[in-house]
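Everything below concerns the one structure shown next.
All of the numbers you see were taken from the coordinates with simple rules; none came from a lab. Every value quoted in this text rests on a predicted model; they were computed, and no experiment measured them. Counting neighbours? That spans all protein chains shown, and the Cβs are built from the backbone with ideal geometry, glycine included.
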Amino acid sequence: MKRFFSLFLTAALAGAGFVSCSDDPEDQPVVPTDVEKVSGIETNYVLGLHEYLEITPDIELSNENESISYEWSIDYETVSTERNLSFKCDELLNDVNCYFKASSSTGAKIAEFKLSVTSPYDKGLLLLSQTGDGAMLTFKRLDIMATPASPYAFKDNNPTLSLGKEALALCWKGEGLTNLGNSIKDQDTEIILSSGNPTKVYVLNTNDMKVKTEITYNGEGEFHPNYVIYPYGVQNSLWEGELYWLGGGREYIMAADRNFITSTMEEMPEGAQFADMACSLVDTDMTRVYYNTASQKMVYISGVLGMVTEGTKACNVEPMNLIPCDGIYRDEEGGDHRYEPMNVILVGKQGSSTKIYRFTPENLTTTEEVLTEQDATGNILPTSATTANPAKPILYYSKGGDIYRFNYDGNNFDTEPYISLGDNFEVKQLVFNPYDVDTLYIAAEDTAETGEMKASLFIYDISDNSSAEKLFEDHKVGGTVRRLIYKGNGKENDERVAKSNSILSKFIR
């Protein structure tokens with residue numbers, strides 16, 4: 001019996017050993033996966049909000065007839081099962097884990113990568129334009145120059161809200177910052193946007209373009225929000241945080257609490273009719289500057305005393321633009337490198353003729369002085385776009401798609417275009433970042449474009465006096481151009497100094 005049991009046990013163990021050997025992975029035939037290799041995917045991607053992450057992977061197969069499935073995962077969520085990825089980045093992400101997987105019946109290959117989605121709205125250009133569908137707000141980020149402009153900055157971030165049919169006014173409140181070394185409050189960098197038919201006035205957050213509040217007019221009479229300005233001096237406890245609107249010949253004052261008020265200090269000239277334009281200066285007194293079309297004179301409003309003074313010079317022109325100029329930077333020891341424009345340029349037209357005036361404003365210590373009075377007929381057209389260099393004595397003006405310069409210190413006009421966009425362009429707006437004298441921003445309309453999206457954006461480096469270098473261009477970024485502005489982050493003074501120091505260090509080496 002024992003012998004029989006021993007033989008049985010030996011046989012059982014031998015059988016077990018045979019089964020064990022047959023299950024050994026090393027003895028199994030290896031079946032290679034049909035997906036041999038996945039490439040063409042970078043390890044890190046950084047995009048702006050509402051931009052598209054587009055990836056076309058290269059996939060090598062050992063069996064072309066095998067069925068392959070795909071999976072794209074972003075932050076542990078499957079976002080696509082297509083081979084190629086086109087993913088709209090609708091939320092901010094910070095270095096999240098992602099992967100692409102290509103699978104067959106024999107196995108899979110996985111390519112991992114990281115994705116960061118940043119706010120593109122730190123600093124850039126804002127373009128207000130309109131089409132038959134209504135007003136639209138376009139944003140062009142400046143930290144990544146190659147990034148195209150987004151024509152739907154308002155719509156993307158406020159899908160349930162709408163603008164009126166007519167584009168009206170646009171303002172970045174950061175333009176009025178004067179104490180850049182101080183802590184900057186959120187309300188100091190808001191964006192103000194107005195449109196008409198129907199009237200819609202919004203306050204936007206500067207970092208995401210989302211509507212912070214909608215303004216309801218509760219002042220006297222009918223509201224025409226055609227132009228808006230946030231003047232220098234609010235950080236110096238001037239103006240009491242007020243925002244100033246112009247339209248229909250009158251001024252509207254919006255208090256810091258968003259209510260519209262009547263000034264008890266400022267007494268405007270009797271019968272004044274204000275043009276839809278204004279600027280702000282940092283002279284001895286901080287000053288708002290208007291143009292009275294009834295008297296054809298400048299009007300200066302003091303930020304210290306609220307004193308209103310009308311200039312003595314009758315210009316006899318229809319105003320085209322009011323431009324701050326002759327700025328200085330507070331680079332002295334203890335200064336915060338802020339920008340302070342001292343004077344103002346008025347460009348005006350009368351029929352087919354044009355004129356340039358440059359004024360020292362009336363303030364607490366000086367009376368109005370005409371620094372420049374120049375006939376610009378034949379150079380500046382009644383349809384020209386104009387702007388002034390923030391610190392250099394140069395006025396830029398357009399003729400069609402060409403841009404020229406007038407040096408008001410030397411009193412001479414360019415005889416040849418400094419910049420040529422092309423015969424099919426009509427320049428509509430020229431602007432600067434006040435802290436960058438070497439970069440010119442241009443909004444133009446393409447006259448050859450048959451559709452409504454005719455607006456184009458151009459950016460030029462103008463540091464070379466003899467020729468300008470094109471840094472960027474983009475087309476079909478908006479409709480009929482109304483307003484182009486620079487929107488910063490309140491750190492422009494530091495960035496200017498850092499750039500200056502970097503250039504200086506190269507010379508020292």
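Summary of values
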{"quantity": "Sorted by Cβ density within 10 Å, fewest first, the residues Asp208, Asp143, Asp285", "calculated": "Asp143, Asp208, Asp285"}
{"quantity": "Global geometry of the stretch 216-299, whether rounded, prolate or oblate, following the gyration tensor of its Cα atoms and the 1.5 cut on a/c", "calculated": "oblate"}
{"quantity": "On Cα atoms only, tilt of 2-22 relative to the major axis of the chain in degrees", "calculated": "30"}
{"quantity": "Burial ordering of Thr480, Thr106, fewest other beta-carbon atoms within 10 Å first", "calculated": "Thr106, Thr480"}
{"quantity": "Computed over the chain, Cα set: Rg, Dmax in Å", "calculated": "31.6, 134"}
{"quantity": "GluC sites (Glu not before Pro) restricted to the stretch 176-240 and DSSP loop, no more than 12 other C-beta within 10 Å", "calculated": "Glu220, Glu222"}
{"quantity": "Alpha-carbon Debye profile of the stretch 35-118, log10 I(q)/I(0) at 0.11, 0.13, 0.20, 0.24 Å⁻¹", "calculated": "-0.29, -0.40, -0.86, -1.16"}
{"quantity": "Restricting the stretch 315-366 to GluC sites (Glu not before Pro) in coil, as DSSP defines it, with at most 11 other Cβ within 10 Å", "calculated": "Glu332, Glu333"}
{"quantity": "Summed residue charge, Cβ within 12 Å of Leu243's Cβ, Lys/Arg positive, Asp/Glu negative", "calculated": "-4"}
{"quantity": "Tilt relative to the chain, helix 492-508 - C-alpha long axis, 0 to 90 degrees, to 10", "calculated": "80"}
{"quantity": "Relative contact order %, the stretch 35-118, counting alpha carbon pairs below 8 Å whose residues are six or more apart", "calculated": "38"}
{"quantity": "Average Cα contact separation per residue, the chain, under 8 Å, 6 or more apart, as relative contact order %", "calculated": "10"}
{"quantity": "Positive minus negative residues near Ser129 (Lys, Arg vs Asp, Glu; Cβ under 14 Å)", "calculated": "0"}
{"quantity": "Low-density loop positions, trypsin sites (Lys or Arg not before Pro), the stretch 26-111 - DSSP coil, at most 13 other Cβ in 10 Å", "calculated": "none"}
{"quantity": "Whole-Å distance, taken between Cα centres, linking the stretch 315-356 and the stretch 462-489", "calculated": "20"}
{"quantity": "The stretch 407-428-the stretch 80-132 distance, computed between alpha-carbon centres (Å)", "calculated": "42"}
{"quantity": "Charge sum, other residues only, whose C-beta stays under 10 Å from Leu421's C-beta, Lys/Arg counted +1 and Asp/Glu -1", "calculated": "-4"}
